Amino acid sequence: SVTNPESTTPGIRLRPEIAALPPYRQGRPAPAEGYKLSSNENPFDPLPGVAEAVAATATQINRYPDATALALREKLGERFGVTADEVLIGDGSVALLAQFILAAAAPGDEVVYSWRSFEAYPGLVTVSGATSVQIPNRADHGHDLDAMADAITDRTRVVIVCSPNNPTGVTVTADEFEAFMARVPSDLLVLLDEAYVEFVRDGASVDGRTLIGRYPNLVVLRTFSKAYGLAGLRVGYAIGPVGILDAARATAIPLGVTAAAGAAGIASLEAEAELLARVAEIVERRTRLHQALLAQGWPVPDAQGNFIWLPTGADTTAVAERLFDAGVVVRAFPPEGIRVSIGEHESVDILLGILGELVPGSQ
Ligand code: PMP
């Protein structure tokens, strides 16, 4: 057999950059009695009405779904004041990110984003064949939009702005975003990733809803995974100009959105008041944890998502292990820090008990 020296699989000619690419890293499961605060999931059980809407789709699983999810697009269109054609549903917003990157970026092209940010971005860019241009976050753990605008070249095809930024929790302000857009060429695709926007309480933060229809090159990405608690069903959406969305429809893996996902999305919008009351409860827990950590002496940045960033530096692995031993699973990004999702009510005091003993510089 022929062996490709660049491939890890003898005899198979794989793309070398793909053979070297690790798969997306999921949060590890919590111990039986513990708390899984590693994937920014919604800790509340599904609403019965949503579960029933999903169950009702079971009688049709021998048929292909309407994978364009027209009924859900129409409902979202009403909410955002756009037509159903200006909404695109994806197999999670991560699939939409991939579709837009594939639509615009190819080998030799560049994709600009802040770093550290959502872990999936580098892999998606590599899969497209393009090159990542990562701009370090500012000292306050927010995006450096000036440096991002400076990094745009004639090879740049996509810029991703993540607000609130995963994993640091800091938002881009509306003023910063508008100033940034004024510097971006109008033929360069900008993806505003707002996976956590429903948890934002800082009124100065950018809100994609207010930007819809204002820029020919802007797509807003949102998800049902976090605030709406549908992470397991994989349903995200994009709102933007039809021409850009059509290109992303073309790069989609066909038939990726299930009838269960579409039905759950509709049922969740119908139960929105109840779901947003849960979001408010998570925001209360976040505020309590954030304020108490500051009082303990933790240098935590602003937290506008359903998670908090602990800048643990060289102690990252040790702190994550200490939490794991106490039954709390978090996401460690050594040697930078730890992302802790806001989960069950009791988990807040458990976290504060352990983290109070681990304040940086206090030992
Ligand atoms: N964007 C950001 C910033 C995220 O953190 C996530 C999920 N971790 C996603 C997009 C993707 O979410 P989903 O595919 O579940 O919609």
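Calculate the spin-label point distance for residue 280 paired with residue 115, positioning each point 7 Å from the Cα along the beta-carbon direction, and give it in nanometres.
Once both label points are built, they end up 4.1 nm from each other.
For a quick check, take a GNM of the chain with Cα springs below 10 Å and name the residue from 55, 95, 69 with the largest mean-square fluctuation.
The residue with the greatest mean-square fluctuation here is 55.
Applying the Karplus parametrisation 6.51 cos²θ - 1.76 cosθ + 1.60 with θ = phi - 60° to the phi angles of segment 252-266, what ³J(HN,Hα) value in whole Hz is obtained for each residue in order, glycine and proline being reported as x?
With coefficients 6.51, -1.76 and 1.60, one gets 5, 6, x, 6, x, 9, 7, 5, 4, 5, x, 5, 5, x, 5 Hz.
Classify segment 14-57 as rounded, prolate or oblate, taking a ≥ b ≥ c as the square roots of the eigenvalues of its Cα gyration tensor: rounded when a/c is under 1.5, otherwise prolate if a/b is larger than b/c and oblate if not.
Judged from the Cα gyration tensor, segment 14-57 comes out oblate (a/c at least 1.5, b/c at or above a/b).
Name all residues of segment 92-122 having a backbone nitrogen under 14 Å from the label point set 7 Å from the Cα of residue 155 along its Cα→Cβ direction, giving them as ranges.
The answer is 105-112, whose backbone nitrogens lie closer than 14 Å to the label point.
Compute log10 of I(q)/I(0) for segment 48-270 with the Debye formula, placing one identical point scatterer on every Cα and leaving out solvent, at q = 0.12, 0.15 Å⁻¹, to two decimals.
These q points yield log10 I(q)/I(0) values of -0.61, -0.95.
How much FRET efficiency would the formula 1/(1 + (r/R0)^6) give for residue 354 and residue 55, where r is the Cβ-Cβ distance and R0 is 41 Å, rounded to 0.05?
So the FRET efficiency works out to roughly 0.55.
Using a 10 Å cut-off around each Cβ, can you sort 143, 345 from fewest to most neighbouring Cβ atoms?
345, 143
Dipole size in debye (nearest 20) for segment 164-274 around its Cα centre, Lys and Arg Cβ +1, Asp and Glu Cβ -1?
Around 280 debye, computed over segment 164-274.
Assuming 0.36 nm per residue, please report the length gained on full extension of the stretch residue 249 to residue 33 beyond their Cα-Cα distance.
Stretched out fully, the residue 249 to residue 33 stretch lengthens by 73.5 nm.
Using helices alone, I'd like the mean residue ellipticity at 222 nm for the chain: each DSSP H run of four-plus residues gives -39500 (n - 2.57), total over residue count, nearest 500.
The per-residue figure over the chain is -10500 deg cm²/dmol.
List 186, 347, 163 from most exposed to least, where exposure is judged by having the fewest other Cβ atoms within 10 Å.
Going from least to most buried by this count: 186, 347, 163.
Cα-based Rg of segment 271-355 per 2.2 N^0.38 Å, rounded to two decimals?
So segment 271-355 has a normalised radius of gyration of 1.10.
What dipole magnitude, in Debye to the nearest 20, does the chain give about its Cα centre under +1 on Lys/Arg Cβ and -1 on Asp/Glu Cβ?
660
With each label point set 7 Å from Cα along the Cα-Cβ vector, what nm distance links residue 70 and residue 127?
2.8
Can you tell which of 260, 168, 245 lies farthest toward the positive end of the dipole of segment 48-270, using +1 and -1 charges on the Cβ of basic and acidic side chains (Lys, Arg; Asp, Glu)?
Value: 260.
Specify whether the C-alpha gyration tensor of segment 173-251 places it in the rounded, prolate or oblate class, a ≥ b ≥ c being the square roots of the eigenvalues: rounded for a/c under 1.5, otherwise prolate if a/b is larger than b/c and oblate if not.
Oblate is the answer for segment 173-251, as a/c is 1.5 or above yet b/c matches or exceeds a/b.
For a footprinting-style exposure proxy, rank 200, 190 by other Cβ within 10 Å, fewest first.
The fewest-first ordering by Cβ neighbours comes to 200, 190.
No value in this document is a laboratory result; all are computed from the given coordinates. All figures in this text were calculated on a predicted structure; none of them were measured in a lab. Glycine also receives a Cβ, built like all others from the backbone with ideal geometry; neighbour counts cover every protein chain displayed.
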